[in-house]
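Read through the structure below, which is laid out as structure tokens, and then see the notes.
The values are calculated or read from the model by the stated rules, or taken from the named source; none is laboratory data. The structure displayed is predicted, hence computed values, not measured ones. So basically every Cβ, Gly included, is an ideal-geometry build from the backbone, and we count neighbours across all protein chains shown.
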2 protein chains.
Amino acid sequence: MLDELMPADASGQPCAIRDVLDWIGDQWSLLVLATLAPGVKRFSQLEREIGDVSKQMLSKTLRRLEQDGFVAREVHAEVPPRVEYRLTPLGMSFLEPMRGLIRWAEANQAAIAAARRVAT
Amino acid sequence: MLDELMPADASGQPCAIRDVLDWIGDQWSLLVLATLAPGVKRFSQLEREIGDVSKQMLSKTLRRLEQDGFVAREVHAEVPPRVEYRLTPLGMSFLEPMRGLIRWAEANQAAIAAARRVAT
DNA sequence: GCGATCTGGTCTATGATCGAGACCGCCGAC
DNA sequence: GTCGGCGGTCTCGATCATAGACCAGATCGC
């Protein structure tokens, strides 16, 4: 598993780690996914909840997540316009392993903060 | 867990997801960690195995991972110089949840590739 | 002796990327 | 009429990554 990380090794398969990093390895995707976890949200709601994301990056991130099938976008033709984003089943299934990562992060936050302080 | 993602919410705690993203959310950290998983490696060995990382980014990434306590750096005063990198226990423990993510990636690679193709 | 080579990096020039904030059309409230 | 909310897009600098040249120190072939 871990040995399959060449850009594209002899077997020609594109390497899962690299793919997952391509999909969600940027600054915001994970945050958006996590913010969307509790349920349907609107654009400005995401903007507010995440707090320090620019509209541009939020828009871009959402479009990419939509393209990759992690979130679904639903436009309601009202005034003012209402656009809702929700996790697809794929997006939800992705949250599963993510939870493991977050749990780890919570458990080891202190250890890393300590390591960082000690570092010369 | 997932609802704790504000930049720094009322409770003042720095939000685990954001932290984990700060630590390993960049393009190369995860790849380096995974490459280092099988055991001790030298700088140029990492460079070769990862393949498309620049020396600069590899150097920078390694220094950050070292600072954060994920990898240990050992310099042998020989000629030519030899520098070895290895995972610390913290780094190894991090690989645990990562494996879940990689498994997910492998299982869902096809689904995402499909979603991407369908995307208008 | 004399250059080539190996190592683990750093430095520099150049291009990609990102964030802040202005701007947009639409409409209802004031 | 003009102010605001909505869901974005556009433009402008600042930041960031990438490729590739360069470095010291020692050893190797010749």
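When the residues of the range B:46-86 are filtered to those that are within 10 Å of DNA strand D (Cβ to nearest atom) and of a type in the set (Val, Ile, Thr), the one that is modelled with the highest pLDDT is B:THR61.
Checking B:ARG63, B:ARG73, B:ARG86 one by one, the residue that is within 16 Å of DNA strand C (Cβ to nearest atom) and either part of a helix (DSSP H, G or I) or among the small types (Gly, Ala, Ser) (or both) is B:ARG63 and no other.
Of everything in the range A:14-35, what is assigned to a helix (DSSP H, G or I), under 14 Å from the mean Cα position of the chain (by Cα), away from DNA strand D (no atom under 13 Å from the Cβ) and within 24 Å of B:VAL118 (Cβ to Cβ)? Give them in sequence order.
Let us first name the residues in the range A:14-35 that are assigned to a helix (DSSP H, G or I), namely A:16-24, A:29-35.
Next, from what is left, pick out any that are under 14 Å from the mean Cα position of the chain (by Cα): A:19-24, A:29-35.
Filter again for away from DNA strand D (no atom under 13 Å from the Cβ), leaving A:19-20, A:23-24, A:29-31, A:33-35.
Of everything in the range A:14-35, those that are assigned to a helix (DSSP H, G or I), under 14 Å from the mean Cα position of the chain (by Cα), away from DNA strand D (no atom under 13 Å from the Cβ) and within 24 Å of B:VAL118 (Cβ to Cβ) turn out to be A:ASP19, A:VAL20, A:TRP23, A:ILE24, A:SER29, A:LEU30, A:LEU33.
Please specify each residue of the range B:43-58 satisfying the condition of being within 14 Å of another protein chain (Cβ to nearest Cβ) and out of contact with any helix residue (DSSP H, G or I) (no Cβ under 8 Å at 6 or more places or on another chain). Residues satisfying the conditions are B:GLN45, B:ARG48, B:GLY51, B:ASP52, B:SER54, B:MET57. Hey, does the range B:89-99 have a residue that's over 13 Å from the mean Cα position of the chain (by Cα) and away from DNA strand D (no atom under 16 Å from the Cβ)? Yes, there is a match, as at least one residue in the range B:89-99 is over 13 Å from the mean Cα position of the chain (by Cα) and away from DNA strand D (no atom under 16 Å from the Cβ).
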